[in-house]
Amino acid sequence: MMEEEELEFVEELEAVLQLTPEVQLAIEQVFPSQDPLDQADFNAVEYINTLFPTEQSLANIDDVVNKIRLKIRRLDDNIRTVVRGQTNVGQDGRQVKEITRDIKQLDHAKRHLTTSITTLNHLHMLAGGVDSLEAMTRRRQYGEVANLLQGVMNVLEHFHKYMGIPQIRQLSERVKAAQTELGQQILADFEEAFPSQGTKRPGGPSNVLRDACLVANILDPRIKQEIIKKFIKQHLSEYLVLFQENQDVAWLDKIDRRYAWVKRQLVDYEEKYGRMFPREWCMTERISVEFCHVTRAELSKIMRARAKEIEVKLLLFAIQRTTNFEGFLAKRFSGCTLTDGTLKKLESPPPSTNPFLEDETTPEMEELALEKGELEQPKKPKAPDNPFHGIVSKCFEPHLYVYIESQDKNLSELIDRFVADFKAQGPPKPNTDEGGAVLPSCADLFVYYKKCMVQCSQLSTGEPMIALTTIFQKYLREYAWKILSGNLPKTSSSSGGLTISSLLKEKEGSEVARFTLEELCLICSILSTAEYCLATTQQLEEKLKEKVDVSLTERINLTGEMDTFSTVISSSIQLLVQDLDAACDPALIAMSKMPWQNVEHVGDQSPYVTSVILHIKQNVPIIRDNLASTRKYFTQFCIKFANSFIPKFITHLFKCKPISMVGAEQLLLDTHSLKMVLLDLPSIGSQVVRKAPASYTKIVVKGMTRAEMILKVVMAPHEPLVVFVDNYIKLLTDCNSETFQKILDMKGLKRSEQSSMLELLRQRLPAPPSGTEGSSTLSLIAPTPEQESSRIRKLEKLIKKRL
């Protein structure tokens, strides 16, 4: 019974002392042991069996029990010691906390003591420094003052939170009073050294003034600004006297002397005062900048007073010299003294990336300038990052109207010269090897535009550029009217007239077009020139927008001028179309007057077809070769000619009445021949066969197929009426009563017969019966198979033979 109770106790104890594997591993690492009693998987039964493996071993049970009891007592003692130790920890913690509090109090006391000592030292330094500062100020010992003042101001910063203490506040007021006295005293010293009304400057700087500048660096910035202002004003006082408005050297023709004077003054400053002012004051740059401001104001005043005396050459000369001087400043100075935003609106435009102006100056521009008697164009002293650009030259902007008026006059003379040269030299010689020649005058015009634009953008990127753009627009239109449209050959109803008999009797190669070869080449040349002007005008607009101020870009618009050149192109193409169209008119008239009802057999193509083909072969190769550089406009010519010729051909086709079956077959053969020629028109007479554009081919196929369908309807028997009407509706998609009546007239039907057919057409137009589709097609091809099929096959063979 006792053994069972012990076993239950052991099991309960094991259940209570179950530890996680991580905790058990940590215990084993801290307290390694080989004793089975310390193992996590201890088994009491196995342990007892180990102690008493046999019955004989039970004889030693008393010794084993005593050892275990001894071990238990030792464990109890250890546990008791640990528990008592934990009981004393609370008391020890309270003792430590009291010790820590005492240490913390001592630490605060030490810190306060250190702060007090430091503050007292600073107070001693401040009091002594203020006394020394006042004494040195009275003795003008600026060198020592510069070092001492900065130290006193640094020490005074430590006493900002103690200003409530009267003694501290008094010291602070004494420092401020010393600063004020120093500022007034230094200004007085500079006034004495550089008197505003003095007639003689000191020979050089003194050490006192040099040290005074060091002190001014520490004082209120207004002291430094006042020193700089007074010195520069005194330094430039001579300039204002020498270049007064009433002086001869003040005018624009002697503007070089202004810039030469300031350059000498800068050298004089470096020699005499270069070491007096600190380098970071940038005094030479400040002198130059103030000189520029004064010069701009003086030039503005004198130009307003003598505006009538300003001529364009004089204005450009002054601007050139001024921009060169601004470039000199940009090379020497960084522009660090310029007020932020002061010259932002004067900055140069961004560099060009437009192919219209790959180079700002070209030999052509220089040559053109010499021809006009102008001075050389100002060089480009300013880079896009030149901060001095416009600092003086901005004053010329209100007077740039002189320059704009001059360009207006020059361009007017240039256009007049172009007109005179064209009349004297005549149209360009035909040159089909290189395509239509662009008139050289247009290149001269845009070269001059380029020069004007670059030059004006260097002078101003504001309103003058807008005014120049207006001038450009004016003379682009004049060039289009006077040089291009004005020299297009004129058409006349009486010129080049041909009789029908002469047209039908003409031999191949003997026909002369309505326009001569020279006139055709001239039209193509004007077209090519207008195309060049159109593209270049677009580039000009883009470049003008780059050059002008961003706020003005919306006012640059050359769309109207581009439309003008587009109109010239359209007019040129229309003239070429009209010429070829008119040349074909007599042949079409001859076609409509032929007795088609008397044609007895189908033969070769009719003479009128040969005449049309001859005219096409004469004109088209000339036009194509002269428009080789503008292929798209040659395509437009082909399309417009097809759109003009095909409807006219169909109109004359309706006039061929009455017409027999054989006559209709001959016309169908002629129509097919013309269709093949028209499809080949873009490359006719060319050694290089090129596929015609799809847009052109579509027009020819659609138009000439309609003509073929009309003839097929004419060839079909008109009875039965329903089948004939349905065939007409199916073959002609644009069918209507008017066209139907014309076809009936071609068939030679009487009006009485036509009325019933027209009435039937009106009834069937909304929805043709679907049940007659098969018979409709069959009736056109073979209404009577035995008679008609052989005739159709013969016609097809004849067409193939002609091809």
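The values are calculated or read from the model by the stated rules, or taken from the named source; none is laboratory data. A quick note: this is a predicted structure, and the numbers were derived from the prediction, not measured. In this analysis, Cβ positions are derived from the backbone assuming ideal geometry, glycine residues included, and neighbour counts consider all displayed protein chains. These area figures cover heavy atoms from the full protein model, side chains too; ligands, DNA and RNA do not enter into them. Shrake-Rupley method; radii C 1.70, N 1.55, O 1.52, S 1.80 Å.
Before moving on, here are some points about what is shown:
- Scope segment 455-470; condition surrounded by fewer than 21 Cβ atoms within 10 Å (Cβ to Cβ) and in a helix (DSSP H, G or I); matching residues: Glu463, Ile466, Ala467, Thr470
- Failed condition for Ile391, given (1) surrounded by fewer than 17 Cβ atoms within 10 Å (Cβ to Cβ); (2) modelled with pLDDT of 85 or more: (1)
- Lone unmet requirement of (1) open to solvent by less than 40 Å² (accessible area, probe 1.4 Å); (2) modelled with pLDDT under 70 for Leu414: (2)
- Residue that is nearest to Phe325 (Cα to Cα), among those in segment 271-311 that are open to solvent by less than 40 Å² (accessible area, probe 1.4 Å) and part of a loop (DSSP other than H, G, I, E, B): Cys282
- If you check Thr100, Thr115, Thr81 for being modelled with pLDDT of 75 or more and over 30 Å from Tyr47 (Cβ atoms), only one passes: Thr100.
- Odd one out for Gly436 among (1) part of a helix (DSSP H, G or I); (2) modelled with pLDDT under 85; (3) not β-branched (Val, Ile, Thr): (1)
- For segment 734-758, taking the residues that are modelled with pLDDT under 75 and over 17 Å from Phe654 (Cα atoms), the one that is least open to solvent (accessible area, probe 1.4 Å) is identified as Ser756.
- Scanning segment 604-624 for residues that are open to solvent by less than 20 Å² (accessible area, probe 1.4 Å) and in a loop (DSSP other than H, G, I, E, B) returns a single hit, Ser606.
- The number of residues in segment 239-256 that are of a type outside the set (A, V, I, L, M), touching a residue at least 12 places away in the same chain (Cβ under 8 Å) and surrounded by fewer than 19 Cβ atoms within 10 Å (Cβ to Cβ) comes to 5.
- Qualifying residue in segment 575-589 (condition: open to solvent by 10 Å² or more (accessible area, probe 1.4 Å) and more than 30 Å from Leu711 (Cα to Cα)): yes
- Qualifying residues in segment 260-308 (those that are among the acidic types (Asp, Glu) and either touching a residue at least 24 places away in the same chain (Cβ under 8 Å) or not assigned by the TED database to the domain that holds Ala318 (or both)) - the one farthest from Asp211 (Cα to Cα): Glu298
- Flag for Met676 being open to solvent by 20 Å² or more (accessible area, probe 1.4 Å) and not basic (Lys, Arg): yes
- Hits in segment 706-733 - residues which are open to solvent by 40 Å² or more (accessible area, probe 1.4 Å) and under 15 Å from Lys675 (Cα atoms): Arg706
- Glu665 meets all of the listed conditions (1) in contact with a Phe, Trp or Tyr (Cβ under 7 Å, 6 or more places away or on another chain); (2) part of a helix (DSSP H, G or I); (3) within 16 Å of Val714 (Cα to Cα) but one, namely (1).
- Of all residues in segment 629-647, those that are touching a residue at least 12 places away in the same chain (Cβ under 8 Å) and of a type outside the set (Gly, Ala, Ser) have Cβ atoms under 6 Å from Cβ atoms of residues that are outside any helix (DSSP H, G or I) and surrounded by 22 or more Cβ atoms within 10 Å (Cβ to Cβ), 6 or more apart or on another chain, in Tyr633/Leu627; Phe634/Leu627.
- Taking first residues from segment 546-574 that are under 28 Å from Ser460 (Cβ atoms) and of a type in the set (Gly, Ala, Ser) and partners that are open to solvent by 60 Å² or more (accessible area, probe 1.4 Å) and part of a helix (DSSP H, G or I), the Cβ contacts under 9 Å between residues at least 6 apart in sequence or on separate chains come to Gly560/Arg477.
- Annotation: of all residues in segment 543-574 being surrounded by 17 or more Cβ atoms within 10 Å (Cβ to Cβ) and β-branched (Val, Ile, Thr), the one that is farthest from Ile659 (Cα to Cα) is Val548.
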